[in-house]
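Everything on this sheet refers to the single structure shown next.
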Amino acid sequence: MKTVLICAALAGGAFVWAGMEMGLFSQSQETVLDDGGDAKKVVKVRPVFPRDLAPAARAEPVPQAAEFNPNADVFPLVFVKATGTLHEWNEYLNEGWRAERVEDTQLVVVVGAQRKGLIDVTPFQQGPPVSRYKFELEASVIEAKTGTVLGTRTFVNMPRPIKKIEAFELTAIGRPVSFSPVYGWVTAMARAGFPKDVNTAPLINQVD
């Protein structure tokens, strides 16, 4: 029994240590004076990245986040899904633009799901028919600290027209919206300023 208790204690200590290393129990201490003039320790829990940015994905404020500075050259941001979890595009961000702490995050970019729609199917006498697909994606930029929606835009990938002669193995034209046009829009708007009158026209790109 004693051996079991010792092992459990060691395992618990290892879990707490690992949790602190991963930021699960991130905290700091500072000394303050109470009303009687006596010093006491106050533990402040630091926000966990990216978990504590999830409210911003719902356009809710994150008080611990950094204030958006429209006069800056670089705006630390994070790409998230509508659920508030990290989007895979977050790994593509350039250094300086990719926030790594809640306290540094100025903008949260919420990326919606890709929507795929069939436009038409063209038959060929020789070879398989070719289907043309349209892809749509909506992205919104949220000011992390206030939860204010700064801008929303729909991105559309339209397939190119069918040629008279296509490669025999070709069966489909069209591909999902990529990181580049969304990132380009976010950075351009952050530097130029998000307009008060929202532009609802989709950004269309023709693709193979």
Residue under evaluation Val109, criteria (1) loosely packed, with under 14 Cβ neighbours inside 10 Å; (2) part of a strand (DSSP E or B), criterion not met: (1)
Condition met for Arg191 (over 30 Å from Val78 (Cβ atoms) and not in a loop (DSSP other than H, G, I, E, B)): no
Gly96 vs. criteria in contact with a Phe, Trp or Tyr (Cβ under 7 Å, 6 or more places away or on another chain) and modelled with pLDDT under 95: no
Only one of Arg175, Arg191 that is modelled with pLDDT under 95 and charged (D, E, K, R): Arg191
Pick from region 154-186, criterion crowded, with 16+ Cβ neighbours inside 10 Å and touching a residue at least 60 places away in the same chain (Cβ under 8 Å), ranking: farthest from Glu88 (Cα to Cα): Val186
Number of the condition not met by Phe68 [criteria: (1) surrounded by fewer than 18 Cβ atoms within 10 Å (Cβ to Cβ); (2) touching a strand residue (DSSP E or B) at 6+ places or on another chain (Cβ under 6 Å); (3) part of a loop (DSSP other than H, G, I, E, B)]: (1)
Test result for Gln29, at pLDDT below 95 and among the polar types (S, T, N, Q): yes
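The values are calculated or read from the model by the stated rules, or taken from the named source; none is laboratory data. All figures in this text were calculated on a predicted structure; none of them were measured in a lab. Ideal geometry is used to build each Cβ from the backbone, glycine not excepted, and the neighbour counts take in all protein chains shown.
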